[in-house]
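A short worksheet on the structure shown next.
The values are calculated or read from the model by the stated rules, or taken from the named source; none is laboratory data. Predicted model, so just to flag it, every value in this text is computed and none were measured. For neighbour counting, all protein chains shown are included, and Cβ atoms are generated from backbone atoms with ideal geometry for every residue, glycine included. With ligands, DNA and RNA removed, areas are computed over all heavy atoms of the protein, side chains included. Shrake-Rupley method; radii C 1.70, N 1.55, O 1.52, S 1.80 Å.
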Amino acid sequence: MTPTSPPACVPQIRLYQNWLQSQRGLSFASYDALWHWSVTELEAFWQSIWDYFELQSPTAHTAVLARREMPGACWFPGAQVNYAQQVLRHVRPATAAGLPALLSHNERSLADGTHRELSWTELRRQVASLALHLQAQGVQPGDRVAAYLPNIPETIVAFLATVSIGGVWSVCAPDMGTSSVLDRLRQIEPSVLIACDGVRHGGRDFDRRAVVAELCAALPTLRHVIVHDNLGLDITTALPNALRFDATIARDDARTASFEPLWLAFDHPLWIVYSSGTTGLPKPIVHGHGGTIVVALALKNLHNDVGCSYHPNTLGERYHWYSSTGWVMWNAQLSGLLSGTTCCLFDGNPGGRTVDDVGNKLAPDWTTLWRFGADLGVTFFGAGAAFYANCMKAQIDLGRCGDLSHIRALGSTGSPLSPQAQSWGTEQFRRLNNARKGVGEEFPAGPPQGSEPLGGQPRQGKLAPSGGREPHEVGERGGDIWWCNISGGTDFAGAFIGGNRELPQVPGEMQCRLLGCAVEAWNEQGQPVIDEVGELVCSQPIPSMPLYFWGDHDNQRYLASYFDTYPNVWRHGDWLKVGRQGGCIIYGRSDATINRHGLRMGTSELYSAVEALPEVLDSMVVDLEYLGRESYMPLFVVLREGQVLDEPLRARINEAIRTALSPRFVPNETFQVAEIPRTLSGKKQELPIKKLLLGQPLEKVLNPAAMANPGCLDWYVRFARSRA
């Protein structure tokens, strides 16, 4: 980290700016000025990130950006790095401070109140043991190691061991079925598979031994299989040739003690992640060690304000972002280790137990993750936007979820966070703050109204006896919690838009464009616009953009994915509005935009209006305007149990849209459905359903294996046929 010990409570981005002034002689009157410098002086900015975080290389780089083009930018040629090396450099100081590397719970342990803890020393030993085992099995730099594992410490150990010896990592979540996993892994031809015997989710155990056996049979390149005993099931019959994971991490001798990760080229492949794969095969996206490291450090520390746990400024930091291993936020979660931060993992359903012992359906328990955060003393609490919306809908009371006084920041991503959900969370933490002060303010049943700016910077406490922070007020003014709302993607393993603790907050907005990200909103003429909705583009390269797609030998899939609309400019596929004060709003996917009577908008504003109604749990809208046809816009809604879509409710929905948006956006028809189609990462599948309703066959627009709830498709297929 930084060479000096700054006073407590200073935002990470302020520490960086102080360093720029003292070490580079650079000072900026505003964040906007700092951002403009970072995207025009790319070499100076990214060199400052390298120096500020004291990145190490046994050889000097000959340039910062040797080739300034997209795609094909060449970053830090000559430098050698390793993701695992950057993580393990924190072992000695973090151990001296008595801080753990990983804290974790699953559904059973949360109920029992007995979490797991992995020290930095033990993390290093297990990584070394497994790395030496993989080398003994013949794994060479560039070989792919695939995993079928949940969000548990063993998965992080397996990842670090793989990349420490130059292997290329790729993980699929064990809630994915055989065909979906094979669609991904067949493309990359792994030599090793590290899997689990099963998972527990929503109170049920899911045996995955048969799936693992099918994967082994269908992947002829596999030379070695390791299975983690996650549920305690017998693997000898189903997987007779598999080695138990425990055996691979048991080594503790001179070679494990002296083990060091390999130094690799800056652009050596790190991992392969996948697009959602709604049509065709998923895109196997390859990111490099160096680019991922520098971008993750800038994002996590400067913008998410997540500091090093053993640093005096952020002593006891505990970072959590709920995710499955199938979502890029798992990668973002583990990146906390890059800066010596204790990471807190939860394996299970964020809605708690959903079935009883005899299989009867139970209502979700949206206090589950909050109780997890309270038990582990989490300081930064991140989740998908849908999680906060569900908590608001369920009207949970955070005052009954345990001691949440250590939480100083809330992170949100995955989809636009509504102003109502953000204001609900802010009011909940105001109430907690008032309760600690003995104010005794009554909390309203529904979300607060209005969208006035929310200011305040969270305080950070000293290390408490339990190892987490001491309780603190969550904000300087009115007890306001800081929201770090971000938007980015799997595509470049980072964020384009996000938070800044020093800027004001407005519910429903993200605070700024991120440093080093030349993000703009472009109109139909390819011109940047302010205070207007446009296409989100990035006009300059950033280090974590994909190296390539695996197997895409002519680079055609890569070019078509991001550069087909604007040559040499990254088109991300979102509608964006950049405000005059620098705040940003994402309106949803640009290819799912509504264009009603010449007025264009994304879908998130409509969802905010509709889903604010207490009867509505979820919704999806598609605009079927096509080739000059008059727009037909159906709205699909999921209602609370016992509710019926009658004429009075239809009228309330229409009035909510009319009032919040415009009469132009009142749907032509509204339909009650059982579920909204969603991807494995939880995104609404507006575009595939739009194409389906425009007459395209299901098999050409949608891959059920890439869905979280493929069973709901039958209704939409019947609806499409009725319209045809």
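Values for this structure:
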quantity	calculated
Potential lengthening between THR59 and CYS74 on full extension [0.36 nm per residue; Cα-Cα distance subtracted]	3.7 nm
Estimated distance in nm for a label pair at SER30 and TYR566, the labels positioned 7 Å out from Cα along Cα-to-Cβ	2.2 nm
Cut-off under 5 Å, modelled amide H: who pairs with ALA383 long-range	TYR322, GLY411, SER412, THR413
Translational diffusion coefficient (Stokes-Einstein; Kirkwood radius from C-alpha pairs) of segment 145-257 at 10 °C, 1.306 mPa s, in µm²/s	111 µm²/s
Value of D in µm² per second that Stokes-Einstein yields for segment 205-354, Kirkwood Rh from Cα pairs, at 25 °C (0.890 mPa s)	129 µm²/s
Principal axes of segment 249-338: Cα extent on each, largest first, Å	47, 35, 27
Residues with amide H under 5 Å from that of GLY488, placed H, sequence gap 5 or more	GLY414, PHE496
Quarter of the Cα convex hull surface for segment 510-581, i.e. its orientation-mean projected area (nm²)	5.3 nm²
Residue list for segment 187-207, given a label point 7 angstrom along the Cα-to-Cβ vector of ALA247 and an amide N cut-off under 20 Å	191-198
Loop sites in segment 167-275: trypsin sites (Lys or Arg not before Pro), DSSP, at most 15 other Cβ within 10 Å	ARG223
Percentage relative contact order, segment 623-724, counting C-alpha pairs under 8 Å, at least six apart	26 percent
Descending Cα extents along the principal axes, segment 338-441, whole Å	44, 40, 28
Nonlocal amide H pairs with CYS172, under 5 Å, H built at 1.01 Å	ALA147, TYR148, LEU149
Segment 212-254: relative contact order as a whole-number percent, Cα under 8 Å and 6+ apart	38 percent
For segment 337-343, 3J(HN,Hα) per residue [Karplus equation, 6.51 cos²θ - 1.76 cosθ + 1.60, θ = phi - 60°, Hz, x = Gly/Pro]	5, 4, 10, x, 9, 5, 10
Under the Karplus curve 6.51 cos²θ - 1.76 cosθ + 1.60, θ = phi - 60°, whole-Hz ³J(HN,Hα) for segment 307-324, x wherever Gly or Pro sits	x, 5, 5, 9, 7, x, 6, 9, 4, x, 3, 10, 10, 9, 9, 5, 6, 8
Debye, to nearest 20: dipole size of the chain, +1 on Lys, Arg Cβ, -1 on Asp, Glu Cβ	300 debye
Unit Cα scatterers, Debye sum, the chain: log10 I(q)/I(0) for q = 0.09, 0.10, 0.11 Å⁻¹	-0.79, -1.01, -1.26
ASP175 paired with ASP403, simple spin-label distance in nm, labels 7 Å along Cα-to-beta-carbon	3.1 nm
Computed over the chain: relative contact order in percent, which uses C-alpha pairs under 8 Å that are six or more apart	12 percent
Packing-based ranking, highest mean first, of 214-220, 190-196, 35-41 given that Cβ atoms within 10 Å are counted	190-196, 35-41, 214-220
10 Å binning of all Cα-Cα separations within segment 607-724, expressed as whole percents from 0 upward	13, 45, 35, 8, 0
Beta bridges per DSSP with both ends in the chain, % antiparallel, nearest 5	55 percent
Carbon + sulfur, % of accessible area of the chain - ligands and nucleic acids excluded, 1.4 Å	49 percent
Hull shadow area, averaged, segment 160-213 [alpha-carbon convex hull, nm²]	4.4 nm²
Largest to smallest principal axis extent of the C-alpha atoms in segment 73-186, angstrom	45, 41, 33
P(r) histogram, all alpha-carbon pairs of segment 184-244 included - 5 Å bins from 0, percent	4, 19, 31, 22, 15, 8, 2, 0
Helical segments meeting 18 Å axial Cα length and Kyte-Doolittle 1.0 threshold in the chain (DSSP H)	none
CD proxy at 222 nm, helix term only [per DSSP H run n ≥ 4: -39500 (n - 2.57); per residue of the chain; nearest 500]	-8500 deg cm²/dmol
Spherically averaged projected area of segment 634-689 from its Cα convex hull (nm²)	4.8 nm²
Residue-normalised accessible area of the chain, given per residue in Å² at a 1.4 Å probe	38 Å²
